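*Asks:* First the structure, then my questions, so here it is.
Values in this text are rule-based calculations from the coordinates and carry no lab data. Just so it is clear, the model here is predicted, and its values are computed rather than measured. All Cβ positions, even for glycine, are placed from backbone atoms using ideal geometry, and neighbour counts span all protein chains on display.
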Amino acid sequence: MHLEVSIPLNVSGVWYPVYDNDVSKSGSIGLSLTLEPKLVVTGRLSDREKIIIIRSDGEELELNDFKNLLTLKKLGTLSLNVYSEVPLGYGYGMSGAISLGYAMIAYELGLTDLRKALLTAHESEVLSKNGLGDVISEYYGGGIIFRKKPGAPTIGEVEVFTVTDDVQICSLPESRLSTSLLLKTNENALNYINQFLLNPTIHNFFEVAKKFTEELGFISPYKGSFKKKGLILKLGECGEGWIKHKIARSGVSVR
Ligand SMILES: Nc1ncnc2c1ncn2[C@@H]1O[C@H](COP(=O)(O)OP(=O)(O)O)[C@@H](O)[C@H]1O
Ligand SMILES: CC(C)(COP(=O)(O)O)[C@@H](O)C(=O)O
């Protein structure tokens, strides 16, 4: 059986980590942008867990140290091909997207119910320290995501701001960095979220994201942009060498 799941990328602009003894309730309150091109994941049952990332130029990379698998393998033993136009480890929320892809394929194969699949994908991120709010944002998708209550999909809560302007978003992946650099709490996050909610536009998302990430020491030299982990996200025309994105119109979809 050929199964294909598409998952948007997720770039957070403001985040506030929240930890709970219950991993499914841990996560982040925050604001993020879900983006296309979506990750496309195909998968099947296998005799060992195997994940291969295939970039648009055909380059293949088999992941040999993806800690999320320690949790994901409880859903079944799968082999995945992940087609992606962006690299892993730069801040596009790819580890969450791959985990969500794994869980959705397990669900489509009848190995788990949907709720357990979604909780397991989220827990694999929190336990590996690879993310807090990516899985819930990518599951719902569809624009600017306000994570108002932290946690896994079905436990956390989001409000989605659809962006009707046909804006161009560009990214520049500069360096691979560890997510642990982002997990310290900055109390100002909640002020920036409120500033956004007073005027929930894409321009204001970039404004508050720039201010928040600069406070964490991530500085972008480009106008109309901010730096998150190892990538720059910019609103407007893409110069040569930049990756072109659209704001995602939806979350996860299965074909
Ligand atoms: N070849 C690889 N390139 C990048 N990350 C890898 C690779 N193999 C394993 N990993 C692991 O994948 C995880 C990527 O998670 P993360 O940095 O959160 O990615 P993203 O920012 O894309 O969501 C890290 O734990 C990293 O150690
Ligand atoms: C910012 C981050 C904690 C990590 O994001 P990434 O580097 O893409 O895994 C994210 O998960 C969030 O909760 O907003």
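*Asks:* In degrees between 0 and 90, to the nearest 10, how far off the longest principal axis of the chain does helix 114-128 point, with axes built from Cα atoms?
*Replies:* 70 degrees
*Asks:* Please list 199-210, 62-73, 146-157 highest first by mean number of surrounding beta-carbon atoms within 10 Å per residue.
*Replies:* Numbers: 199-210: 18.1, 62-73: 16.2, 146-157: 20.9.
Taking the mean over residues of other Cβ atoms within 10 Å, the ranking is 146-157, 199-210, 62-73.
*Asks:* Also, quick follow-up: For helix 188-198, report the angle its Cα long axis makes with the longest principal axis of the Cα atoms of the chain; keep it between 0 and 90° and round to the nearest 10°.
*Replies:* Around 80 degrees separate the two axes.
*Asks:* Same structure again: Which of the residue pairs Lys149/Lys223; Lys148/Lys223; Lys67/Lys148; Lys50/Lys74 have a Cα-Cα distance greater than 22 Å in the structure shown? Provide the component values of the computation, followed by the final result.
*Replies:* On the way: Lys149/Lys223 32 Å; Lys148/Lys223 29 Å; Lys67/Lys148 27 Å; Lys50/Lys74 14 Å.
Beyond 22 Å between Cα atoms: Lys149/Lys223; Lys148/Lys223; Lys67/Lys148.
*Asks:* Right, here's the next one. List the aspartates and glutamates whose Cα sits under 20 Å from the Cα of Lys116, skipping any in the same chain fewer than 8 residues away.
*Replies:* Output for Lys116: Glu4, Asp20, Asp22, Glu49, Glu108, Glu125, Asp134, Glu138, Glu157.
*Asks:* Evaluate the distance, in nm, between pseudo-label points positioned 7 Å from the Cα of Asp113 and of Glu214 along their respective Cα→Cβ axes.
*Replies:* In this crude spin-label approximation the distance works out to 4.9 nm.
*Asks:* Just subtract the alpha-carbon distance of Glu187 and Ser175 from 0.36 nm times their residue separation and send over the number in nm, one decimal. Please report the intermediate quantities before stating the final value.
*Replies:* Numbers: separation 12, 0.36 × 12 = 4.32 nm, distance 2.65 nm.
Full extension of this stretch gives 1.7 nm more.
*Asks:* Only residues of the stretch 1-22 count here: report those whose backbone N is under 12 Å from the spot 7 Å along Cα→Cβ of Arg55, or say none.
*Replies:* The answer is none.
*Asks:* Further, regarding this structure: So if R0 is 45 Å, what FRET efficiency would Ser250 and Leu70 give, r being the distance between their Cβ atoms, rounded to the nearest 0.05? Numbers along the way, then the final one.
*Replies:* On the way: r = 30 Å, r/R0 = 0.66.
The formula returns an efficiency of 0.90 here.
*Asks:* Something else: Per 5 Å bin, what is the whole-percent P(r) computed from every C-alpha pair distance within the stretch 169-243?
*Replies:* All Cα pairs, binned at 5 Å, distribute as 3, 16, 25, 23, 19, 10, 3, 0 percent.
*Asks:* Please report the relative contact order for the chain, taking Cα pairs under 8 Å with a sequence separation of at least 6, and give it as a percent rounded to a whole number. Working shown, then result.
*Replies:* Numbers: 623 pairs, mean separation 66.6, N = 255.
Averaging sequence separation for qualifying contacts and normalising by length gives 26 percent for the chain.
*Asks:* Right, something else. Could you please state, rounded to a whole Å, how far the C-alpha centre of the stretch 164-215 is from the C-alpha centre of the stretch 111-128?
*Replies:* 26 Å
*Asks:* Give me the one-decimal Kirkwood hydrodynamic radius in Å for the chain, with the sum taken over alpha-carbon pairs. Don't skip to the end; give the middle numbers.
*Replies:* On the way: mean 1/r = 0.0558 Å⁻¹.
Final number for the Kirkwood radius of the chain is 17.9 Å.
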